[in-house]
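The values are calculated or read from the model by the stated rules, or taken from the named source; none is laboratory data. Only a predicted model underlies this, so the values are computations on that prediction, with no experimental measurement involved. With ideal geometry, Cβ positions are generated from the backbone for all residues, glycine too; neighbour counts draw on all protein chains shown.
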Amino acid sequence: MRPSTLAEVVGQKHILKAGGPLIALATPAEQGAKISAASLILWGPPGTGKTTLAQVVARSSGRRFVELSAITAGVKEVREVLDRARNDKDLYGVSTVLFLDEIHRFSKAQQDALLPGVEAGVVVLIAATTENPSFSVISPLLSRSLVLTLQSLSDDDIRELLVRAVADPRGLAGAVKLGEACLEQILRLALGDARRALTILESAAVSAISRPKPTSKATKAGNAVEIELVDIEAAADRALLRYDKDGDQHYDIISAFIKSVRGSDADAAIHYLARMIEGGEDPRFIARRLMILAAEDIGLADPQALPLAVAAAETVAMIGMPEGRIPLAEATIYLALAPKSNTAYNAINSALTDVRNGVVGQVPNALKSSNFAKAQEQGAGVGYEYPHDSSRAVVPQRYLDDKVLGRRYYLPKDVGQERELGERWGKLREIVRSFKAK
């Protein structure tokens, strides 16, 4: 069912506009189009049509098409392609399109091998990757290429592909009938991946056709067998979640998870937690992020949040998975529902900014260490008031010199347990700062 022309491509309309680099590259030179030497990097999730677009472009333009996979190819294969492309261009005037799948799997040295051919226009490189090219493709190659971002197909796009595959002679040629309920179920399982959708459809069709005839539902139009939900369940007993632990999905899902907890949406947080667990994310990584969040986003509004997150991390380390999902879920829900305060986070950042900018003062003599000879002669420790000598365990005393005395770093919020801390800090600050300047 792979499209043979650009007109058959479903989705990705944003990069298939007239005048775009893909259209220009696909237009044959004999039709008056300028031959574009711009190499392309197609970046997007699996099943969005990267290989399809590369093949259609090469076929439409009349160029020779060579496909390599970074999983199996190396520098030797790349150089062989470049040598052949150079000969074809010099002797026959035939341009070559090199499609390199999974380019992010090439090392820096292997990617360097592509540079001479790309820079000289010996080949037009169309590289495909599921990872952000800014991190996975070397800068010299990136600067010589246009990056086109492919998007996950919409349900309407997948629906169009499934309907086409059922009827098209290249597909199931009308051998089965796909009802709305089953179509919707495939859409739910596909997660925007056209390849997964077609794979499930094909497997479900095989299941439907192989069922004993008395239990199959034949349509009035002929011998077409109707696919049932049991066939789809047999084809995909569970949704195989798309989750790349080393790629963008890793960063996107953990970002959504943290922001959901910070935003106090427990259901959203649990959803993203489930996606990470099902995708095989390291539970220790999740636990570490929860500990950071407890300190950064909850802090003094609920001082029990951090110990609970630490306990969850220790529990996961001791019991492992799958049971570790339970303390992770407990900590996630607790942190999502806890009152939020980032005052400790803001306080240390503000103080660090001052220190880095030189806003620092001398340590008052009373606070200096007096545990050395002639300390008192130098004024170290002289005048220090011991707080425990006071019935309130707090005394008026200078703890900062005038350069820093007016700075306010801890600004408590009126939420959770920090409401009480804020009231206490206001009273303590008033007592402490009531010392008489000397």
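Which of the residues belonging to the range 1-27 are surrounded by 14 or more Cβ atoms within 10 Å (Cβ to Cβ), in contact with a strand residue (DSSP E or B) (Cβ under 9 Å, 6 or more places away or on another chain) and either in the same structural domain as ASP168 (by TED's automatic domain parsing) or not in a loop (DSSP other than H, G, I, E, B) (or both)?
Selection gives ILE15, PRO21, LEU22, LEU25.
Looking at the range 388-418, which of the residues that are among the basic types (Lys, Arg) and surrounded by fewer than 16 Cβ atoms within 10 Å (Cβ to Cβ) is nearest to SER264 (Cα to Cα)?
Checking each candidate, the answer is ARG408.
Here's the yes/no breakdown for (1) touching a strand residue (DSSP E or B) at 6+ places or on another chain (Cβ under 6 Å); (2) not small (Gly, Ala, Ser):
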residue	(1), (2)
GLY47	no, no
GLY62	no, no
ILE71	no, yes
LYS76	no, yes
VAL81	yes, yes
ARG84	no, yes
ASN87	no, yes
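Determine if the range 347-354 includes at least one residue that is under 50 Å from the mean Cα position of the chain (by Cα), outside the structural domain of GLY426 (by TED's automatic domain parsing) and more than 26 Å from GLN417 (Cβ to Cβ).
yes
Restricted to the range 163-206, and to residues that are among the charged types (D, E, K, R) and part of a loop (DSSP other than H, G, I, E, B), which residue is nearest to the chain's Cα centre (by Cα)?
If we take residues in the range 163-206 being among the charged types (D, E, K, R) and part of a loop (DSSP other than H, G, I, E, B), then ASP193 is nearest to the chain's Cα centre (by Cα).
List the number of the failed condition for ALA294; all other conditions in (1) among the aliphatic types (A, V, I, L, M); (2) surrounded by 19 or more Cβ atoms within 10 Å (Cβ to Cβ); (3) free of Cβ contacts under 8 Å to residues at least 12 places away in the same chain hold.
Answer for ALA294: the failing condition is (3).
Could you tell me whether the range 397-405 includes any residue that is in contact with a helix residue (DSSP H, G or I) (Cβ under 7 Å, 6 or more places away or on another chain), closer than 30 Å to LYS259 by Cβ, in a loop (DSSP other than H, G, I, E, B) and not aliphatic (A, V, I, L, M)?
No: zero hits.
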